[in-house]
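Data block below; observations after.
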Amino acid sequence: ALPICIAYVCHDFEDAVDAGIVTPSMLPELMRSRCGDHRSAQLHTFIGGVVEAVRATGAIGMVAPVAEALAAFRSFNYEHIYMRPASVAQGDAVTRLLRALVDFYADRPNRLPFEDLGAVGVPGVAAGSEEAVREAVTYVAGMTDRYAFAQARAHLGWDLAAMPAGVDLGP
């Protein structure tokens, strides 16, 4: 799990740089001095820190100086990328949209796709019931972003202005 975490932290930062939200020069000095300000150097340092820890201890971990730099990097990402007001507002918009879709399908379980015999709807499920809510949540949770936004537009008349910014909504 640690290598995956490292890759996401680096990838999220790189995406934010590409979007113009942050610059490499904004990284904490601890991070830049130990890991550099380019993804390849950062990944090399982080992975090397894991390999070094495994060799020294036989357990998955990271040597302390590199772990400190990774912690600083993650804190930076939270402060400047994930928790910035625009990101929080976008998360709120997505939450409103997903809740509205769950409410729509929970109140209309006959609109849910049913896998047996190509039928539509979930047989025997009462609108608004606990089972209808569970089926609606399961269905909405499996949607891609683009599909969820298309469903919100089609079924709820969701305003494009209320859609999260920066998401490709297709044609």
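The values are calculated or read from the model by the stated rules, or taken from the named source; none is laboratory data. Fair warning: this is a prediction, and the values are worked out from it, not measured in the lab. Quick reminder, even Gly has a Cβ in these numbers, built from the backbone with ideal geometry, and neighbours come from all protein chains shown. In case anyone asks, the SASA skips ligands and DNA or RNA and just uses the protein heavy atoms, side chains included. Shrake-Rupley method; radii C 1.70, N 1.55, O 1.52, S 1.80 Å.
Quick look at the numbers
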{"quantity": "Test: residue in region 12-19 that is surrounded by 12 or more Cβ atoms within 10 Å (Cβ to Cβ), within 30 Å of Ala162 (Cβ to Cβ) and β-branched (Val, Ile, Thr)", "calculated": "yes"}
{"quantity": "Matching residues in region 118-134 - criterion: being modelled with pLDDT of 90 or more and in a helix (DSSP H, G or I)", "calculated": "Glu130, Glu131, Ala132, Val133, Arg134"}
{"quantity": "Boolean, Val66 is within 24 Å of Ala16 (Cβ to Cβ), touching an Asp or Glu at 6+ places or on another chain (Cβ under 9 Å) and in contact (Cβ under 8 Å) with a residue 40 or more places away in the chain", "calculated": "no"}
{"quantity": "Residue count for region 75-108, restricted to those that are over 19 Å from Gly142 (Cβ atoms) and of a type in the set (Ser, Thr, Tyr)", "calculated": "4"}
{"quantity": "Residue that is nearest to Ala86 (Cα to Cα), among those in region 20-60 that are outside any helix (DSSP H, G or I) and open to solvent by 70 Å² or more (accessible area, probe 1.4 Å)", "calculated": "His38"}
{"quantity": "Checklist (1) farther than 30 Å from Tyr147 by Cα; (2) part of a helix (DSSP H, G or I); (3) at pLDDT below 95 applied to Ser75, failing item", "calculated": "(3)"}
{"quantity": "Pairs, first open to solvent by 60 Å² or more (accessible area, probe 1.4 Å) in region 70-90, second in a helix (DSSP H, G or I) and of a type in the set (A, V, I, L, M), C-beta under 6 Å, six or more apart", "calculated": "Arg74/Val9"}
